[in-house]
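Below is one structure, written out as structure tokens, with a few remarks after it.
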Amino acid sequence: MIWLCPVLLLVFGTAIEPQPNVPALALVKRIYVDQLGGGKVSDQMQDMIVAAIQGTGLFTITENRERADAVLKGSGDESVYAETHSSSDSIGLHASAGGSSSSTARSVGSSSRQYGSAGVTDSETSRSEERRREAVASVRLVDTEGDVIWSTTQESLGAKFRGSMADVADKVARKLAEETKSARLAAARILQTPPSGQ
């Protein structure tokens, strides 16, 4: 029965001694999100990542670095650029006809000439400019020993109802949640207990 103590500690989310073969990501319950490097919008990206990770329900986000099981570090940025589209259509039709005849008699001469010409040319050029946003975040989760236990890079041009930064934050949180659930399932199999956070 003594061997269950670490298992119970894992289930209730308190600090535990690392178990052999248990994925380190399975032990992370409390995350401190460090300031992201990158462009001017990195603080906003950080806030969006915090909200997205909090929304998974798998972690507690802490503002106290000392209490965290792991620290999320990395960089994020968003760039705005113009995408130009141009097209050109052209239609042309041209026809021409001609003719000439002449005859000469001893004292009378006759001559006949016929010419025709037609032409239609239509040309249309259109140009449009669309403002686009592209966001990228490259983050890693570092445990208390300084080891990187998880990392990802996510990019987005935006989603149907979300801007590019919000979409990147959501992708980071979803990837972290998926891999954490897998790690917790693996840990539960190793420790023979039901997984927490499911």
> Which residue, of E178, E145, E155, is part of a strand (DSSP E or B), acidic (D, E) and surrounded by fewer than 18 Cβ atoms within 10 Å (Cβ to Cβ)?
Replying inline: E155
>> Residues that are at pLDDT 65 or above, assigned by TED's automatic domain parsing to the domain that holds T180 and in contact with a Gly (Cβ under 9 Å, 6 or more places away or on another chain): does the stretch 78-97 have at least one?
In response: yes
> What pairs come up if the first residue lies in the stretch 27-46 and is on the phi > 0 side of the Ramachandran plot, the second is buried (at least 21 other Cβ atoms within 10 Å of the Cβ), and their beta carbons are under 9 Å apart, counting only those six or more places apart or on different chains?
Replying inline: G38/M45; G38/G74; G38/G76; G38/E78; G38/A137
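The values are calculated or read from the model by the stated rules, or taken from the named source; none is laboratory data. Given the structure is predicted, the values throughout are model-derived calculations rather than measurements. Glycine gets a Cβ as well: all are built from the backbone with ideal geometry, and neighbour counts include every protein chain shown.
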